[in-house]
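K.L.:
Attaching a single structure in structure tokens format; questions to follow.
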Amino acid sequence: MTQHIYVVAEHENGKLRRVTMELIGKARKLADESSQQVCAVLLGDNVDELSAPLIAAGADTVYVAAHPLLAHYTTEGYTKVIADLFGEVEPAAVLIGATNNGRDLAPRLSARLGSGVTADCTQLAMDKETGLMTWTRPALGGHILAEIICPDHMPQMGTVRPNVFPLPTPDMTRTGTIERVAVSLEKDDIRTTRVGFEAVEGEEIGLEDAEIIVSGGRGMGSKEEFARLHELARLLGGTVAASRAAVEAGWEPMVHQVGQTGKNVGPKIYLAFGISGAIQHVAGIGGSDTVVAVNHDAEAPIFKIADYGIVGDVHEVLEALIASIKAARGESGAN
Amino acid sequence: MNCIVCIKQVPDTAKVKLDPKTHRLQRAGVENIMNPFDEHALEAALALRDAHGGTVTVLTMGPPQAEEVLRESIARGADRAVLVTDRAFGGADTLATSYTLAGAIRHLGGADVILCGKQAIDGDTAQVGPQIAEMLDLPQVTAVNRLACEDGRLTVTREHEDGYETLTVPLPALLTVTKNLNTPRYPSLMGKMKARKAPIETLTAAELNLDAERIGIKGSPTRVRRVYTPEVRTQGIIWQDLTPETAARQLQDILGLGGRKDGAQA
């Protein structure tokens, strides 16, 4: 009998990813409505201290699979260990963050388990009686939303975009069970070899965690003008993002691209300079509390979804804004 | 170095528009194109062949008209084109599609490198590549943006949230590639002439000896229950004809507020 909602935890540099906590929070809500439990699956090496935050966020049980070969994510290592575990515990539903690793893992795992998987979901629901999940996801470049079900195969699986569900408030008084998973993994089970990792320089705060995002598009016109967005971001304690056009122009690295083929963000304020607002871009900013757009074209689609918009020259407005923030803080405009 | 490239014909989603009144998709007149990510997968295969010898086979599953993207691939330099087509494949989700494509790849005798675009722009699932890799028991690397081959091993870099991860992987392997990997070549005049006459091999369900329970709608665990157009956000406050200084002051006010609105999250 399949039961319970499982969340595959993802962590980087000893920290759980924000999306993992968002999914634990959402799973908690779904589980409470349907009298199920929330189970987190935590793979890694020396990851014991990550169990407590998962329980505080809402997990009832944390399955810890610790092994030196799991120190970094690998497709084959994760797939084997998780498939072995799921063969025993038989989950009803599995939630995986729609990160690069999550979207590498989920389809591989689904093919191994012979079940269906829905990619990049933005809404989740679970039938209280039957436990049938409804996975909602954008398709056709964000023009439509599709509701997907997986009625006759178990487990029901999906990857879920970061920044669509709120972070749960940690409750340090919650208690939960920690189950140690016996890991059966040999070196030869993993055919890829990790030889390096090059972190991308950027603002201190990652896009997914940023509360203020200063974003630029084709309308910035040049790499030099685009670079001024970094100055504004530093003044605001925010992070710079870019539309696909700006990334393709080489003004900003790919990892800062927001939209259907980039990242999904959910800041308090999304400040869009010179971004027309193609639906593929808008698809990535739906989690923003407030969207503010500056664009010279009054007809730009970004103004249809913006909470505040300024029709005007992006360069002049940007320059005036930087100057006025500096003046307000008593800095000279000299640098 | 023999490569198989999985290609998909997709509607040009950048040109799909919503009817402003009915909120229905206006797909009439939207042309079908080669999935843009697949152009980069094909280019990677052609570059591997040019450097190491071998052949490039392009493979697609779809209706008979999907032959168009195969001819385009030949025009760009592919050696062989295979269309997997059968009414029995209709309605396939990603699992049934990858089962079918994996069967076709096996039928073709496999390859040293199987290349796919990172995702197709119509579904954006990015699932078929990894699922094929699993069904063929191959190592996979997804979202590849750098690729080199030496001594029977690939060195690849994959795009990550916070940077770039470099891996080595033995052959045979399956890769899914991003647009940052390379710049696709244009079809040559010679290529275009060749493409017009090139034979397109077709494979049906019977020829692939597939399990009828695992193809098409029958073999698809997932079902689309409903499709609808997303709600448009309510109109915000738009200012026109402000001086840059006034605009800056408005922005500062907004930045000063910045509180979370209730109910903004599902």
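Coordinate-derived values only; no laboratory data. Only a predicted model underlies this, so the values are computations on that prediction, with no experimental measurement involved. Every residue, glycine as well, gets a Cβ built from its backbone with ideal geometry; the counts of neighbours run over all protein chains shown.
K.L.:
How would you rank B:Asp151, A:Asp84, A:Asp152, going from fewest to most other Cβ atoms within 10 Å of each one's own Cβ? All intermediate terms of the calculation are to be shown ahead of the outcome.
P.N.:
Working: B:Asp151 4, A:Asp84 16, A:Asp152 9.
Least crowded to most crowded, the residues run B:Asp151, A:Asp152, A:Asp84.
K.L.:
Sticking with this structure for a sec: Report, in whole Å, the centroid distance computed from the Cα atoms of the range A:38-103 and the range B:170-229.
P.N.:
That distance is 32 Å.
K.L.:
Round to the nearest 0.05 the FRET efficiency obtained for B:Val227 and A:Thr130 when R0 = 25 Å and r is the Cβ-Cβ distance.
P.N.:
Numbers: r = 22 Å, r/R0 = 0.88.
Taking R0 as 25 Å, the efficiency between B:Val227 and A:Thr130 is 0.70.
K.L.:
Here's something else I'd like to know. Under 23 Å from the Cα of A:Lys187, which lysines turn up, not counting those fewer than eight places away in the same chain?
P.N.:
Straight-line reach from A:Lys187, under 23 Å: A:Lys80.
K.L.:
Scan chain A and report its longest stretch carrying no GluC sites (Glu not before Pro) that are both in a DSSP loop and have at most 13 other Cβ atoms within 10 Å.
P.N.:
Values: sites that count: A:Glu129, A:Glu186, A:Glu201, A:Glu204, A:Glu299, A:Glu331.
Here the longest segment lacking exposed loop sites spans A:1-128.
K.L.:
Give the Rg/Rh ratio for the range A:5-189, taking Rg as the radius of gyration of the Cα atoms and Rh as the Kirkwood radius, to two decimals. Can you show the working numbers first?
P.N.:
Values: Rg = 15.3 Å, Rh = 16.3 Å.
Using only Cα positions, Rg/Rh for the range A:5-189 is 0.94.
K.L.:
Could you work out, for the range A:207-328, what percent of all Cα-Cα pairs fall into each 10 Å distance bin, beginning at 0 Å and stopping at the bin that holds the largest distance?
P.N.:
15, 52, 30, 2
K.L.:
Taking the Cα centre as origin and putting +1 on Lys and Arg beta-carbons and -1 on Asp and Glu beta-carbons, what dipole magnitude results for chain A, to the nearest 20 debye?
P.N.:
On the way: 28 positive and 44 negative charges, 34 e Å.
In debye, rounded to 20, chain A gives about 160.
K.L.:
Which one, A:Gly142, A:Thr130, A:Pro107, is farthest towards the positive end of the dipole of the range A:98-150 when Lys and Arg carry +1 and Asp and Glu -1 on their Cβ?
P.N.:
Sorting the options by dipole projection puts first A:Pro107.
K.L.:
So what's the Cα pair-distance distribution over the protein assembly as shown, bin width 10 Å, in %?
P.N.:
Reading the bins upward from 0: 3, 16, 26, 26, 18, 8, 1, 0.
K.L.:
Separate question: Choose one answer from B:Asp253, B:Asp137, B:Asp12: the residue with the largest mean-square fluctuation in a GNM of chain B with alpha-carbon springs under 10 Å.
P.N.:
Result: B:Asp253 has the largest fluctuation of those listed.
K.L.:
Let me ask you something else. Can you return the aspartates and glutamates within cross-link range of B:Lys15? Criterion is Cα-Cα under 17 Å, with same-chain partners fewer than 8 residues away left out.
P.N.:
The reachable aspartates and glutamates, counting only those whose Cα sits under 17 Å from B:Lys15, are B:Glu31, B:Asp122, B:Asp124.
K.L.:
Here's something else I'd like to know. Find me the longest stretch of chain B that has none of the exposed GluC sites (Glu not before Pro), where exposed means in a DSSP loop (not H, G, I, E or B) with at most 10 other Cβ atoms within 10 Å.
P.N.:
Details: sites that count: B:Glu31, B:Glu231.
With GluC sites (Glu not before Pro) excluded where exposed in loops, chain B gives B:32-230 as its longest stretch.
K.L.:
Just checking the output field for B:136-146: average partner chain Cβ neighbours within 10 Å of each residue's Cβ?
P.N.:
Numbers: counts 0, 2, 1, 7, 8, 3, 8, 5, 0, 1, 0.
For this peptide, the per-residue mean of nearby foreign Cβ atoms is 3.
K.L.:
Under the √(5λ) rule applied to the eigenvalues of the Cα gyration tensor, what semi-axes describe the equivalent ellipsoid of chain B? Give them in Å, descending.
P.N.:
On the way: eigenvalues 302, 118, 82 Å².
Largest first, chain B gives 39, 24, 20 Å.
K.L.:
Semi-axes, largest first, in whole Å: what does sqrt of 5 times each Cα gyration tensor eigenvalue give for chain A?
P.N.:
On the way: eigenvalues 307, 93, 69 Å².
Those come to 39, 22, 19 Å.
K.L.:
Can you sort A:Val41, A:Val181 by how many other beta carbons sit within 10 Å, fewest first? Walk me through the numbers on the way to the answer.
P.N.:
Working: A:Val41 26, A:Val181 19.
Taking fewest neighbouring Cβ atoms as first place, the list is A:Val181, A:Val41.
K.L.:
7 Å from Cα along Cα→Cβ at both B:Asp253 and B:Lys218: what's the point-to-point distance in nm?
P.N.:
In this crude spin-label approximation the distance works out to 6.6 nm.
K.L.:
On to the next question. Roughly what would the spin-label model give for A:Glu248 and B:Thr243, points 7 Å off Cα along C-beta, in nm?
P.N.:
Distance between label points: 3.9 nm.
K.L.:
Counting other C-beta atoms within 10 Å, and keeping those with at most 14, which DSSP coil trypsin sites (Lys or Arg not before Pro) do you find in the range A:64-161?
P.N.:
Working: sites: A:Lys80, A:Arg103, A:Arg108, A:Arg112, A:Lys128; in loops: A:Lys128.
Loop-located and lightly packed - A:Lys128.
K.L.:
Follow-up. Got a sec? How would A:Phe197, A:Phe303 order by Cβ neighbour count within 10 Å, fewest to most? Please list the in-between numbers first.
P.N.:
Details: A:Phe197 15, A:Phe303 22.
Listed from fewest to most nearby Cβ atoms, that is A:Phe197, A:Phe303.
K.L.:
If I take R0 = 41 Å and measure r between the Cβ atoms of B:Asn32 and B:Asn209 in this structure, what FRET efficiency does the formula 1/(1 + (r/R0)^6) give, to the nearest 0.05?
P.N.:
Details: r = 30 Å, r/R0 = 0.72.
Step by step, r from the Cβ atoms, then E = 0.90.
K.L.:
Could you work out the helix-only [θ] at 222 nm for the protein assembly as shown, with each DSSP H run of four or more residues adding -39,500 (n - 2.57) and the total divided by the number of residues, to the nearest 500 deg cm²/dmol?
P.N.:
On the way: 16 runs with 170 residues, N = 601.
The helix contribution divided over the protein assembly as shown gives -8500 deg cm²/dmol.
K.L.:
With charges only on Cβ, +1 for K and R and -1 for D and E, what is the dipole size of the range A:246-323 about its Cα centre, in debye, rounded to 20?
P.N.:
Details: 3 positive and 9 negative charges, 71 e Å.
Using only the charged Cβ atoms, the result is roughly 340 debye.
K.L.:
Something else now. Tell me, how many Å apart are the Cα centres for the range A:133-198 and for the range B:43-80?
P.N.:
When both Cα centres are located, 34 Å separates them.
K.L.:
While we're on this one: In nm, to one decimal, how far is the A:Glu90 label point from the A:Val200 one, both placed 7 Å along Cα→Cβ?
P.N.:
It is 4.4 nm.
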